Amino acid sequence: MRSQEDGLRDRVAEFVRTRVMPCEPVLDAGGPHAAAVLRELQARARQEGLWALPLPSELGGQGLPFAGYARLAEAEGASDHGPAALGSASLLDATMLWKHGGDRIRGRYPARLAAGELRACYAMTEPDTPGTDPFATATRAEEQPDGSWRVSGRKWFVSGAGGADLVTVLARTDGEPGDREGLSLLVVPTDSPGFHVVRELPVLGAGGQWEIRFDGVGVAADHLLGGRGQALPIAAERLRLGRTLRCLRWLGQAQRAFDLMCVRACSRTGSRGALAGHQLVQSHVFEALLALRTTRPLVHEAAAKIAAGLDAHVEVGLAKVAAARMLQQVADAAVQVHGAAGLGPDTPLPALLRTGRAARILDGPDELHVTSVARRVLRAYEGGAT
């Protein structure tokens with residue numbers, strides 16, 4: 001018997017398949033036309049009751065618990081533009097500001113983010129420091145006599161910074177680069193004097209990542225997120241949720257690539273019949289399906305632990321590595337079965353393959369997660385414990 005959740009998932013999948021995917025070429029190109037098309041999709045999502053499903057009801061969302069949203073996130077994420085069209089792209093920023101911001105931040109930004117009136121981004125990685133080591137952060141926020149802050153430094157690979165209204169920036173408020181203390185998060189309106197978008201950073205030819213610079217940007221005292229020196233617990237909370245969301249969406253994208261591969265195998269014929277009759281093609285299908293089926297439980301285990309408020313460090317690390325590798329593998333197999341057509345502009349496969357490859361570096365490279373998970377597991381065995 002189908003549940004209400006199954007029906008909602010089907011509605012989300014149908015919306016992404018029939019409304020969002022046909023608009024992908026326009027949305028990928030960016031610019032005013034893309035913005036207008038996105039607004040039309042968002043209006044349609046509101047009309048169909050699909051807008052901001054996982055956002056808190058206090059912010060105008062539908063308050064769907066994360067445990068329920070996890071299944072929808074796969075269908076929503078089958079297109080890179082699905083979360084923005086359906087109003088869940090602001091989930092990380094809106095909930096972070098709502099949970100950790102002071103009265104002014106809570107009153108000014110989260111609801112407008114949830115409504116799609118504002119866009120936010122998150123700036124952590126720097127050009128001249130290892131992205132895997134937040135303690136090396138060199139961007140500095142100096143406290144002023146009136147309690148405000150002045151931020152100076154550079155950040156890069158900031159998703160969506162080119163069109164953002166707000167940026168939450170990781171900066172050093174005390175100590176020196178390398179110190180394990182003294183890191184804070186500040187919320188900076190991007191129309192502040194001294195804030196600059198330096199350049200877009202195409203990832204394997206695709207846009208969306210940016211380098212930004214802070215030249216003595218003034219930040220109000222009440223735009224400190226959490227408290228002074230409290231950045232790392234907030235950042236870790238955000239990263240665990242963000243990585244799990246991306247894994248769920250990568251599952252949706254891998255399923256899309258898998259479906260395209262199977263359709264191609266059954267419809268493409270040559271002198272020896274359909275591709276589906278070739279053992280090597282069958283091998284691609286089997287290995288891709290195996291990767292999908294073995295990765296999905298890992299990702300949903302991580303999502304379930306986060307939804308329950310449990311420690312999910314190991315589960316998120318396993319899921320992130322497995323999902324990134326899986327998306328790259330499945331998309332690559334789909335390209336191979338399509339042949340030259342899989343390399344061209346007539347399918348989404350080049351974009352899916354690019355996402356899979358980039359996923360193994362961005363948001364923490366495989367090596368970081370492998371080491372982190374292994375260390376945590378081995379601690380349980382130290383001293384002869386079993």
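The values are calculated or read from the model by the stated rules, or taken from the named source; none is laboratory data. Computed from a predicted structure; not experimentally measured. Because the Cβ atoms are built from the backbone with ideal geometry, glycine has one as well, and the counts that use them run over all protein chains shown.
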Subset of the stretch 277-289 that is free of Cβ contacts under 8 Å to residues at least 12 places away in the same chain and of a type in the set (A, V, I, L, M, F, W, C) - its residue that is surrounded by the fewest Cβ atoms within 10 Å (Cβ to Cβ): Leu280
From the list Arg39, Arg17, which residue is modelled with pLDDT of 95 or more, under 21 Å from the mean Cα position of the chain (by Cα), farther than 21 Å from Pro348 by Cβ and charged (D, E, K, R)? Arg39
Reported set for the stretch 55-75 where residues are within 15 Å of Val16 (Cβ to Cβ) and out of contact with any Pro (no Cβ under 6 Å at 6 or more places or on another chain) is Arg71, Leu72, Ala73, Glu74, Ala75
Residue within the stretch 89-111 that is surrounded by 20 or more Cβ atoms within 10 Å (Cβ to Cβ), under 15 Å from the mean Cα position of the chain (by Cα) and in a loop (DSSP other than H, G, I, E, B) present: yes
Determine if the stretch 313-332 includes at least one residue that is β-branched (Val, Ile, Thr), at pLDDT 95 or above, buried (at least 18 other Cβ atoms within 10 Å of the Cβ) and under 15 Å from the mean Cα position of the chain (by Cα). yes
Would you check which residues across the stretch 121-172 are among the hydrophobic types (A, V, I, L, M, F, W, C) and on the phi > 0 side of the Ramachandran plot and list them? Phe157
Thr137 is checked against (1) touching a Ser or Thr at 6+ places or on another chain (Cβ under 8 Å); (2) among the hydroxyl-bearing types (Ser, Thr, Tyr); (3) surrounded by fewer than 16 Cβ atoms within 10 Å (Cβ to Cβ) and fails just one. What number does that condition carry? (3)
For the stretch 311-330, which positions are closer than 15 Å to Ala374 by Cα and of a type outside the set (A, V, I, L, M)? His313, Glu315, Gly317, Lys320
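Quick one: would you say Leu292 is surrounded by fewer than 12 Cβ atoms within 10 Å (Cβ to Cβ) and aliphatic (A, V, I, L, M)? Walk me through how you get there before you give the answer.
On the way: surrounded by fewer than 12 Cβ atoms within 10 Å (Cβ to Cβ): no; aliphatic (A, V, I, L, M): yes.
Spelling it out, it is not the case that Leu292 is surrounded by fewer than 12 Cβ atoms within 10 Å (Cβ to Cβ) and aliphatic (A, V, I, L, M).
Select, from Arg354, Arg325, the only residue that is closer than 14 Å to Leu298 by Cβ and among the charged types (D, E, K, R).
Being closer than 14 Å to Leu298 by Cβ and among the charged types (D, E, K, R) holds for just one of Arg354, Arg325, which is Arg325.
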Pick from the stretch 54-79 the residues that are free of Cβ contacts under 8 Å to residues at least 40 places away in the same chain and touching a Phe, Trp or Tyr at 6+ places or on another chain (Cβ under 8 Å): which of them is surrounded by the most Cβ atoms within 10 Å (Cβ to Cβ)? Pro54
Note down all Cβ pairs under 6 Å where the first residue falls in the stretch 96-115 and is closer than 17 Å to Ala84 by Cβ, the second is crowded, with 18+ Cβ neighbours inside 10 Å and of a type in the set (D, E, K, R), and they're at least six residues apart or on different chains. Leu113/Asp93
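Among the candidates Leu353, Leu368, Leu280, Leu298, which residue alone is at pLDDT below 95, of a type in the set (A, V, I, L, M) and either on the phi < 0 side of the Ramachandran plot or out of contact with any Pro (no Cβ under 8 Å at 6 or more places or on another chain) (or both)?
None of the other options fit; the residue is Leu368.
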Here are some conditions: (1) in the same structural domain as Asp366 (by TED's automatic domain parsing); (2) crowded, with 18+ Cβ neighbours inside 10 Å. Thr269 meets all but one. Which one does it not meet? (2)
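Just to check your reading of the model, which residue among Arg243, Arg249, Arg213, Arg238 is touching a Lys or Arg at 6+ places or on another chain (Cβ under 7 Å), of a type in the set (D, E, K, R) and assigned by TED's automatic domain parsing to the domain that holds Val321?
Sole residue among the options that is touching a Lys or Arg at 6+ places or on another chain (Cβ under 7 Å), of a type in the set (D, E, K, R) and assigned by TED's automatic domain parsing to the domain that holds Val321: Arg243.
Quickly run through the stretch 131-174 and pick out the residues that are basic (Lys, Arg) and either closer than 21 Å to Leu201 by Cβ or part of a loop (DSSP other than H, G, I, E, B) (or both).
Across the stretch 131-174, the qualifying residues are Arg154, Lys155.
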Answer with yes or no whether Ala308 is closer than 30 Å to Tyr69 by Cβ and either surrounded by fewer than 16 Cβ atoms within 10 Å (Cβ to Cβ) or among the aromatic types (Phe, Trp, Tyr) (or both). yes
